[in-house]
Structures are given as structure tokens and as C-alpha cells.
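This report concerns only the one structure given below.
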Amino acid sequence: MQRWPVLLFLAWVCFLFFAGIGLFMSGFLLTRIELTSSSSCSDPLVPPPWERQSLPPGSCWAPQRFSKAVLVIIDALHFEFARFNPAKASPLPYENKLSFLHHLATSEPRHARLYRFRADPPTATMQRIKGLTTGSLPTFIDVGSNFATYAIQEDNLLAQLVQNGRRVVFMGDDTWEGLFPNKFFRSYFFPSFNVKDLHTVDDGILQHLYPTVDSGEWDMLIAHFLGVDHCGHKHGPDHPEMAKKLTQMNEMLKSLVDHLGNDTLLLVAGDHGMTETGDHGGDSEKEVNAALFVYSKTSLFGTDPPEEPEAIPQVNLVPTLALLLGVPIPYSSIGEVMPELFSGDSSAVSAALQQLSVYHINAKQVDRFLHSYSLVAQDLPAEQLQRLQELLSSTMEEHTQFLAQVQGKTLVPPELESWLGSLISRFQLYLREARAVCTQSWARFRPLRMVGGCTLIATSCLLCYVESDSFYRVCLLYPLLWGLVVAVLLVLARVFTQEGPDLLLVSSWAAAASQLVFFWHWWGQHPKQARLAGSQPPLASVGLRQRIREWLGLAFPMGILLFRCGAMFSDSFVVAEARVAPFMLVSLVMLLVGKLHWDGHLTASEGPKQQLLGFSYRREIWYLLCFVAALLVCVRLSSFFHQCREEIPQCRPSLFLSPLASLRNTRAKNLFYLLCVALLAGLVYAVRRWLRHYGNLNSSDPLVLFVRWGFPLVVLCIACYWAVASSADDSLGKLQELVQVAVVAFPWAVYGLASVGLLLLLCNPMTVLAKTTWESAESIVTPYLGVPTSEVDLLHVIPQIYKRMQESQKSRLERDSCRATVAAYGLGSVYSAALVIALTLLGFFLMLLHSERMSLAFLLLFLEAFVLLHIHTCARGLAGDAEPFSVPWYAVISWLLAASQFFYSTGHQPIFPAIHWNAAFVGFNLDHSTNLLPAVLVGANTFASHILFAVGCPLLLLWPFVCEMPGSQRKKPKKEPREELQEVEEHMMEMRLRESPEKFSTALLQLGLKYLFVLGTQLLACVCAAMILRRHLMVWKVFAPKFLFESLGFVVSSICLLLGISLVMRVDCAVSTWFSQLQLR
């Protein structure tokens, strides 16, 4: 068997796809250009409007109104959390808990006010921090670095404060440490990633907050609380723990106000909101609707608050706070000042004049940024920039005329107020339209890179489809060499031009060059194959009929695949794909059954028959119909484990997604726990029963012993972890400490046992027991020793004597001499047994990363995979497939449709709020020291179905051989020795693959290429949809997340496919060694 050429070829094809994905991403998901310029007090931006007017000390651009400010960020503070409704007699756990804010707003209406604080998506914490400090709009791709933050290089509020000699003190979320290194006068950072920890960050802040405020050694104090956000992730907003956490925040604010001075401004803000399930990251109303509360012991507002709180964008906080503290507005800010904060106790005219002054400053600053940005980028449409410039110019002219009239004192108060209102409205219009232009046009695409990436993916799909089995080793060497040569030349060219090599471009050009060489050689080989085919005996009519039948057989699965890919261009399909993918799977299977009936394979005259609907059916079809019915049941049950998207408001998330700890009914919690443990034990029992059925549990090798004793031990550890995790919040005192240890210890025990099992599988994957006896020549091969005692001995003891040993048997038979007889238990299913064991170990690991009740979904996953394998086997047996080494397209497509189905049925959606971040802390109590491990755990949780189906893909090739059984077990008349040996040879199961090692390796290659083709076609559809619809209204909400998840799913699936095929080849190597040792006996 050619092992390395197959693996290298598949790895090369995966590299081609990876290069195409990377190239497309570099053109599609781009961050906006960040300007390095920064504002300063010496900027000739805003000359004083009045002659000989000078700013007071400590002021810059505008008079300083406050010398100190406290910014309290309560992460995920939804507006409804801060709003107080006294009419509610029975408020929900998150309602009416921040009563102190209501008390301040009603008792001191000129000192306090509540706002709707509108966050710009994406609503991840790091992006919101960037918006709250730079006044700009983070782009979509920044979501990927939410937990791997980079220092903010743009001009920002903290940089301006430090640049102007202000002392900034921070305490709370350690995300700020990566964003603003060396910017804080004093800092107290606490780990933020453990969403199960509700108290560490908040308690740490409270320990330092009041002493720091009283010390006075600060000018800007930022406290970022995380308890509310973590409570939402862990329990959701409608939970008693949320009431406790909001009450704690209310008491904190009450105490904090008592410590503030008259020259201090207090701002309480939420960086984003949260959904009904406690998640965030998208752009739904609940996620972007945060709260902002402003308070000062001196009068802030000149008028009473409106009946309904005003909604303001979060970017408006930056210019407002900068001018209130007397520092320049950050250079890249596109926010609008909050004019009411510049009114104070002065008269209406004086307040309007002050507001006009800050609007003038704000507009000039935004105009400067737009001008500078347009010089280095072409993102913003020129005609819209021109229109904005004309609007600002006319407003500035009118503003100059107004100032001249005011200085000449020629305006009477009514006319003055009217003109002031008109000018302020025009400045507001300019600022809001400027922000709208930036919001609509922020992404800067690179069409050439997008087209290049799309082309690479498309040609890689074509390569997978056209690859032949006769010359792949020849066509592998030259593409690799040419690709390497092109890569080296590009690197040298970049070095000699004193530019660093762009690894992405180098990889893309190398991939394109190797592809071009491959197709050149393939085209050269294609005419030769055509000539060889033409030299065969002329069977034109049979060949034509066979070809038509093959095309018809290909039309159904390919039609389903093309329909799925075409529907990727519809946002409605992507939103509803959780329901469409199972429908397509069932449709494909029903079309398969219909085609079998159409071809007459379900009605035949020979064999036992049954009557159904007037047709005569072979008995074997009943097995197929039963498996189809089982598939329908699995698909229906899997729909109960769904996650919802906010685009479907009537949808309610599955109750099975929440952990057992969230259940308040103790009896229901216990019943669900027992059910989950029972199903987990049932899975282990089914796997061991299958292995025992095929004779793979008879030896005493370490792997077999691990399956016997290690599997139950893993189940015990998982059950114990579920028990302590579901009751962790109810334990008290010393028991709490013990539970915390157990919550970490049991997952690590599972990790360790699963790792040991996989290592044993790699070291010695053979699960075969060989017995040798000496017998007379009357019996050639015996499937058991002594009297048969079990079904294993009777049916599945595989006396697999390899070809050389069979020849030796024949020669000894002719000499009528005594010779050795070998009975090999489990040899006929040795490849499948290794894969089943590996999939079970992976299933344990992946179930641990999900909530307890999701074990039901994983049981359905294994059951549906088992049913699909048997449907595939029955269909091939009924159709009388003459190519046992070729896996048909319908099997591969149905396998991948099942993987997509269970992506949704394990509680996932291709949106960021649906990511199960809790998986990063299964087995970890504290924060991670590196981002790699949590990324692996979260990725494994998200793409669990991709992992299992990709690793199990070789079963599509192996399963029909495993199910190769004698047609009847009735007692037959005694045959001659040679006839008995020939009958044994006819039922060799998976050993039939070893009789043709070239066909075996080619079959694995073709199966891998078909799998990559289907994956690549789906990916290509998502890429084209994202590229063509990049200006679509739903691109960042639907198409871009779908593309990202599809790309990551492709990477995970392709790697796991290589691992699954590598495991089969490792078993094949072990089988060769076993035969070699057996012949030496």
C-alpha cells in the first residue's frame, strides 16, 4: 500500500484550499486604515472665537469644566437593567435593581440623567473598549482578536490625558492591559476570560476603589466590572444570581457617590447589552442597547430631562469627555459632543453659545480627520465627501457671519436664539452625516485578492473532481517542485527589494504555480488515457448505457449539493439552515431509495419475498427501510437541540443547551443527570458490544484492556464531573473548596485517559487474537477451536490467511501432511475497530466540553452515523455495485450533510453570540496563561460534528467490507477441502482490501478527494456569496460570519480527515507487521 504519496497528495490539496482561504480573507476582512496622527493643544485647529480671549489654565481647545472624572463600566449593562419602573409590582430578576440611579435622577434632575447608550456592532468587549476610547468604529475582523488584544496605536482619550499630564488609574478587566500598555498611573488588573467566575474582578475592584478615590492621586479613574456580564453568560439575565449582582452594583454606586467631590464627573456605562440567553457579539437590539448614566454634584443640565431617555451613540462619549476635561479630542474620533453637558446654570443664550462653540470645534476636528483619511485611503465615496465639505463650508461661513454680528451686538435676543438654533442644527447634521458615511463605507475591500482567493478555491475543487487514480504519484512531484521554486524566487525578490516577504502572497503564488503544473501534466496524461480506452474491445452500446446510468446516479446527489451551494446566496437560507440541512439529508436518502426502486433493485424474483403495496420485495429491502425509518427518527429528535438566531424572533432556544446547574427543580435536575449518565453508559456498552461481536475484544493487548476497563472509567469521571458541576453553586464552606478541586480534577482525568487511549491506539492499533494449532489434513481452516460456544465463534472468527499462507496451505494439502491452522479473531474488522475506538475517545472529550444534556445529541450523532453507514451498505448490496473500492458520491454528500446537521443540533449557529465560551474553562479554574489552549477547547466545542464525521470518513469505504457476511448460516453438506478454502476466501471482510494494496490506497485517496471536493464546493459558495454581496445590507450580519465559520470548519474537517486516513494507514502498517511475524512462526 502506498501510504506517503496518498497523505502527501491530500496534504498538498489542503494547502491549496488554505492558500485560497487566506488570500480571500486578506481582501475581504480588512481592518480600516489607522492614522498615526494625534491631536495636540498647539494645533491651529480652532482659533478662539473672541478676540483676545484665552483659555483658563489646564484647558485645551475649550474651557475645562471638570478636573476629575470617574468612568464606571458595568460590562453588559443593558438599558433595561438601569431603568427603574416603579409600576412593576413583580419585577424580573434584572429589573428595578439599580434603584439608586433612579433616586438621583428624580431627586436631582439637573445633576443626573439616564441615556440609551447605542453600541456599534460587533458587540464584543474589546471592540467596545476601542470605541469608548478612540471615538471610532472598530471593524468586523477585530472580533477575531477579542481575547488576543493588541495595543491601540490610534489616538485615544487615555493617550490625550497622559500626554497632557493627567493621572489615569485603572482597575478591573485585564483586557485594558493589552490595549493600553504603560498608560496608567496606577492599575489593578484582574483576569477576565473565566466567564464562570462572577466575583473575582468585582471584589478586587471594590477592594481598591474607595481608598483610591479618597487618596485624590488621580485625574481619571476607570473601573471595569465584569460580574454582570459573566452572570449573563453563566445563568442568563433572568436568574436570581443576576439580581444579586445588580444589587451589589447598586450598593457600590451608592457608596461611590458619597466619596466624590464637587469637581468630579461620574459616568456609569455599559459597553454593550445582552440577549435573553446572556450572550453578545452581534447587532441585535438587545445587544446594542446599553445604558449610560451621568452625574455630578454640581449642576450639569440647564433643563429637566425628557420623558423618554435620549439615545446616543457610544462614540459620542469620547469628544464630550475630552472637552469636559480640557484635553483635545482624539484625532480619529467621529463622535458628536453631547451639547446638554455644556450648558450648566447659565442662561439659555449663554448655554447655546457654549454649545455652538464646542460644535464648531467638533466639526473642525471631524473634517480634519476625513481630509487626512481620504488622502491615504479610497474607502469613503468622493461625491459624499464633497457634499459633506460643501455643507461644512456653508455652515462655517454662516458661523463667521454670526460671530461678527454677535461682536457688533446688532442682534436682538429672539433673533439671536433663532440663529443659534439654526447653526447648531446644521453642525449636528454635518456630524451625523459624516458618521453615517463612515459607517456605511468603512470596509476597504481588495477585489484582486478576493478574486484570486476565489479562483484558487475553485481550481482546487476542480482538481479534486478530475483527479484520476492512475497517475497521481507522477503528477505530485512536479507541482511541488515548481511551487517551491516560485516561493523561493518570490522570497528572494522581496529580500533584494528590501521588503519583508509577505508569506500569504508567497504561499498563494506557490499554490497557483503548483496547480498550473498539475493541470498541465493532467492534460498531457488525459489524451493517453483516451487512446488506451479506445484500444479496448468495442462495447459502445454497453458503455453508453453504463455511462448514462452513472450520470443519472450522479445527478441526484450533485443536484442536492448544487442546490445547497446556490442557496448560500440567500440570507434567508443561511438564517434557516438549521432546518434546511436535515431536510436535504432526508431528501437525498429518499431519492436514493427511489432510484433503487426505479432501477428494479428492490423488486426481484429470486430470494425470499414480502408483499407491500402490491409490489414484491426482496427481504433485504426491509433492512434498508428500517434504517431509513431510524434515520427519520434521528433527524426529528436532533431538532430538539437547537440554538436560535435573533433574526427568528418566534424561536426559543432548546432547554437542553443550558447546564444542569441552571435548573431550579432538584428532582428534574436529578432525573436529567441520571438520563445523561445512562445514555453515556449505553454508548460505551454499544461500542463494546460491537467490538465483541466482531471479535476485537478477545486479545490481551493494552488497547483491548483499555477498551474493557478504561472506557467505563472515563464514563465514571465524566459522570462525577457532571455531578459536581451541577451542584457547585449549592455547596458551602469546606465542601465548596473540595468541589472546586473536583471540577478541575475530573476533566483532567478524562483528558488524561483519552490521551492514553489515543496513544495506545497509535502505538499498537491491532485488536486481533491469533490462535495456532496443528491438525490433520481433513480440515483446512477452522473458524473456532473446539465446540462453538458463542455467536463470535460461530460467525465472526475470521480465519484470515493471507495469500502466501493460502498457497502454503494448498501445497501442504496436496502432500496430505499435517500443518498449522490459524484462527484470527477480529482480523476482518481491524481497520474499522481502530476508527470506532478513536471516535469513541473523541466523543468522550467533546461531550465533556458541552453541557450535560447535550450528551443526548451526541448519542443521536453516533446513532445516525451508524444508520447512514448501513443505508450505504444496503444500497450498494442491493444495487450489486461492481466497484467495491469506490465510495459513491451520495454517501459522501450525505455524510457531510449529517455533519452540518449536527453542527446545529449540538447547539451552535454560524454567529459569534452562539459560541460556547464556557468550553474554554472545562478543567480550569483560573485564567489561561496562553490563548492557544482556550482556542483549541472552544474550537473543539464549536466544530465537534466536523471533527467526528471527518475522522470517521474512512468508514464509508470500510463498512461494506465489515458487513460482508455469509448469506446463510444453515448447516451445509460437507465440502471438499479445496471448496471449503475457496468459501472462506469469499468472506474475508476488510482483508479483501489487502489483496489489492494499490486499489486500497487509491480508494482512500479518492475518498479523501471527494470529501474535500464537497467541503470545498460549499466553501466556494460562501466565498462567492460574501464577495458578490459584500455591499449587501446583511453582509456583516449573515454572509461574513457564515464565511468565517465555513472556512474554519473546512480547516478543522480537512485536518481531521488527514488524521482519520493516517490512522487507517497506521493500522495497515501494523497488519503488515502482524502478518510478517505470523509467517515466521
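A few comments on the model shown:
- Unmet criterion (only one of (1) open to solvent by 70 Å² or more (accessible area, probe 1.4 Å); (2) within 13 Å of Q515 (Cα to Cα); (3) at pLDDT below 85) for V466: (1)
- Taking region 869-893 as the range and being open to solvent by less than 10 Å² (accessible area, probe 1.4 Å) and in a helix (DSSP H, G or I) as the test, the residues that pass are L869, I871, H872, A875, A891, V892, I893.
Results for (1) assigned to a loop (DSSP other than H, G, I, E, B); (2) farther than 30 Å from S832 by Cα; (3) not assigned by the TED database to the domain that holds E276, shown as yes or no for each residue.
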position	(1), (2), (3)
R652	yes, yes, yes
A661	no, yes, yes
W709	no, no, yes
C720	no, yes, yes
A725	no, yes, yes
L735	no, yes, yes
V739	no, yes, yes
A742	no, yes, yes
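- Here region 626-668 is the region considered, the condition is being basic (K, R) and modelled with pLDDT under 85, and the residue that is farthest from F1039 (Cα to Cα) is R664.
- Boolean, L1048 is modelled with pLDDT of 90 or more, more than 22 Å from L23 (Cβ to Cβ) and part of a helix (DSSP H, G or I): no
- Positions within region 309-340 being in a helix (DSSP H, G or I) and farther than 30 Å from T36 by Cβ, in sequence order: P339, E340
- Filtered residues of region 869-881 (kept if of a type outside the set (K, R) and either modelled with pLDDT of 80 or more or over 17 Å from F1000 (Cβ atoms) (or both)): L869, H870, I871, H872, T873, C874, A875, G877, L878, A879, G880
For every residue, the table says whether it meets (1) open to solvent by less than 10 Å² (accessible area, probe 1.4 Å); (2) under 32 Å from the mean Cα position of the chain (by Cα).
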| site | (1), (2) |
| --- | --- |
| V162 | no, no |
| W176 | yes, yes |
| F180 | yes, yes |
| F184 | no, no |
| F189 | no, yes |
| D197 | no, yes |
| T200 | no, yes |
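- Answer from A681, A719, A661 - the residue that is within 27 Å of F640 (Cα to Cα), of a type in the set (A, V, I, L, M), open to solvent by 40 Å² or more (accessible area, probe 1.4 Å) and in contact (Cβ under 8 Å) with a residue 24 or more places away in the chain: A681
- Of all the listed residues (G204, G261), the sole one being open to solvent by 10 Å² or more (accessible area, probe 1.4 Å), of a type in the set (G, A, S) and over 29 Å from E285 (Cβ atoms) is G261.
- Single condition E336 does not satisfy, out of (1) of a type in the set (D, E, K, R); (2) open to solvent by less than 40 Å² (accessible area, probe 1.4 Å); (3) modelled with pLDDT under 85: (3)
- Number of positions in region 92-134 that are under 33 Å from the mean Cα position of the chain (by Cα) and open to solvent by 40 Å² or more (accessible area, probe 1.4 Å): 5
- Region 1000-1035, subset at pLDDT below 85 and within 23 Å of A581 (Cβ to Cβ), residue most open to solvent (accessible area, probe 1.4 Å): H1032
- Check on D173, of a type in the set (D, E) and closer than 26 Å to A920 by Cα: yes
- Residue in region 567-583 that is at pLDDT 80 or above, under 43 Å from the mean Cα position of the chain (by Cα) and open to solvent by 90 Å² or more (accessible area, probe 1.4 Å) present: yes
- Output for region 626-641, where each listed residue is of a type outside the set (F, W, Y) and open to solvent by 60 Å² or more (accessible area, probe 1.4 Å): C626, L632, V633, R636, L637
One line per residue, one yes/no per condition, for (1) under 25 Å from E154 (Cα atoms); (2) in contact with a Phe, Trp or Tyr (Cβ under 7 Å, 6 or more places away or on another chain):
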| site | (1), (2) |
| --- | --- |
| E241 | no, no |
| E285 | no, no |
| A291 | no, yes |
| T303 | no, no |
| E308 | no, no |
| L324 | yes, yes |
| V327 | yes, no |
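- Yes/no for L625 being of a type in the set (A, V, I, L, M, F, W, C), in contact with a strand residue (DSSP E or B) (Cβ under 9 Å, 6 or more places away or on another chain) and assigned to a helix (DSSP H, G or I): yes
The values are calculated or read from the model by the stated rules, or taken from the named source; none is laboratory data. All values reported here derive from a predicted model rather than from experimental measurement. Here Cβ is always computed from backbone atoms with ideal geometry, including for glycine, and neighbour counts include all displayed protein chains. All accessible areas refer to the heavy atoms of the entire protein, side chains included, with ligands and DNA or RNA removed. Shrake-Rupley method; radii C 1.70, N 1.55, O 1.52, S 1.80 Å.
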